Amino acid sequence: MAMANVPEATDGGFKVRAQRLGGYLAAMVMPNIGAFIAWGLITALFIPTGWLPDKQFAVLVDPMINILLPVLIGYTGGRMVHGQRGAVVGAIATVGVVVGSGIPMFLGAMVMGPLAAYVVKRVDEFTGRVTPSGFEMLVDNFTAGIVGAAGALFGIWGVGPVVRHATAAAGTGVEWLINHHLLPLASVLIEPAKVLFLNNAVNHGVLGPLGVAEASGHGKSILFMLESNPGPGFGVLLAYLLFGPRALRPSTPAAMIIQFLGGIHEIYFPYVLMKPRLILATIAGGAAGITIFMVTGVGLIATPAPGSIFAFIAETPRGDWIGVLAGVIVSGAVSFLVASLLLGFGAFAESRPAARHAGQEHLVVER
């Protein structure tokens, strides 16, 4: 059922709070899923390794992933908290996070958008009591501008560095697991980092350089396959298609094509954010795939970019195709089974009325 008021301190209190958090994260991302699909299509088609490489169109890729999509998320998060004024202030504050970051700041946007909107909401409550009649528009414009500017500065100074340190910590953790020969456990760090849109930082910042060093001596490396395996994401999307919320099923086939064939993994991240428990499915699928890769002794000759099944096959050395394909298939199957179980095999797929608060629609959070 829709939950407008969450019960306090019950036996299921933590579960309820986790579900509420997942609902808010999803409410910030899912309304913008069309923008994610647009970016995924442009990326899959026009980057140098895409289907129709085109330098003129490919210039859209980085601005969309680094600026447009985070700002849209910050805008939506601000609107959830304080309507249109919160949306505008949230977007301004989010710009402070994304400028100069070098990585997609989706996590920063999810923090700054609602935070800045909450601050301006409190400011409005105060100024509404003390502003003389006739000065409301002037005061409202200046308070929104001041809070938005302060939020942008705080994003540059505070939130941005925190997210960058989190990215570096994730990379360090993955490198430690690799050095201690605990590769399947690397999924415990890689998959959550991917869902927070840190996939490129982990792959190209840590795994890629280590894989190149290994491939130079052995002609191939399993490290190229840890993050880029399309199996776990495809398994989650397939579970969504069959057992997910009915309102989201129509968007899933396009996401599956973009993710598995186009190699744009970011397209499935919002689906996991909507139900954070599904991260367990991607971890299980990733670990299963890595185990198969290790047992069969396979590797790739270079980083598959983007991580599509076609790029996987193209980068596979002669004689390793069976092991590589087996790892992808097993990882997808395990991810699908775990995700289907976590979705209750469709038991929670029926549509429910959306909860409303302060005139704003929110995604349903299930018990």
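The values are calculated or read from the model by the stated rules, or taken from the named source; none is laboratory data. Being a predicted model, the structure only gives us computed values, none of them experimental. Every residue, glycine as well, gets a Cβ built from its backbone with ideal geometry; the counts of neighbours run over all protein chains shown.
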Open item on the list: Which condition from (1) under 24 Å from ILE65 (Cβ atoms); (2) of a type in the set (A, V, I, L, M, F, W, C); (3) in a helix (DSSP H, G or I) is the one that PHE197 breaks?
Closed with: (3)
Task: Answer residue from segment 43-60, given it is assigned to a helix (DSSP H, G or I) and at pLDDT 85 or above and is surrounded by the fewest Cβ atoms within 10 Å (Cβ to Cβ) among those - done: GLN56
- [ ] Within segment 297-318, count every residue that is of a type in the set (Val, Ile, Thr), assigned to a helix (DSSP H, G or I) and surrounded by 16 or more Cβ atoms within 10 Å (Cβ to Cβ).
- [x] 1
- [ ] Read through the list (1) within 26 Å of the chain's Cα centre (by Cα); (2) closer than 30 Å to VAL236 by Cβ, then give the number of the only condition that GLY158 fails.
- [x] (2)
TODO: Mind listing whichever residues of segment 186-225 are buried (at least 22 other Cβ atoms within 10 Å of the Cβ) and on the phi > 0 side of the Ramachandran plot?
DONE: PHE197
- [ ] Give the residues of segment 254-283 that are of a type in the set (Gly, Ala, Ser) and surrounded by fewer than 21 Cβ atoms within 10 Å (Cβ to Cβ), sorted by residue number.
- [x] ALA254
Open item on the list: Can you tell me how many residues within segment 94-152 are closer than 28 Å to LEU69 by Cβ and among the polar types (S, T, N, Q)?
Closed with: 4
Open item on the list: Going by what's in this entry, would LEU242 be described as outside any loop (DSSP other than H, G, I, E, B) and at pLDDT 90 or above?
Closed with: yes
TODO: Take segment 77-108 and flag every residue that is more than 23 Å from ASN200 (Cβ to Cβ) and among the polar types (S, T, N, Q).
DONE: GLN84
Open item on the list: All but one of (1) closer than 15 Å to VAL88 by Cα; (2) modelled with pLDDT under 80 hold for ALA168; state the number of the condition that does not hold.
Closed with: (1)
Open item on the list: Can you tell me which of (1) within 15 Å of ILE92 (Cβ to Cβ); (2) in contact with a helix residue (DSSP H, G or I) (Cβ under 9 Å, 6 or more places away or on another chain) is the one VAL162 doesn't meet?
Closed with: (1)
- [ ] Scan segment 94-116 and give yes if some residue there is more than 23 Å from the chain's Cα centre (by Cα) and in contact (Cβ under 8 Å) with a residue 40 or more places away in the chain, otherwise no.
- [x] no
- [ ] For segment 319-327, indicate whether the set of residues that are in a helix (DSSP H, G or I), touching a residue at least 40 places away in the same chain (Cβ under 8 Å) and either touching an Asp or Glu at 6+ places or on another chain (Cβ under 6 Å) or not polar (S, T, N, Q) (or both) is non-empty.
- [x] yes
- [ ] For LEU248, indicate whether it is farther than 22 Å from LEU45 by Cβ and at pLDDT 90 or above.
- [x] no
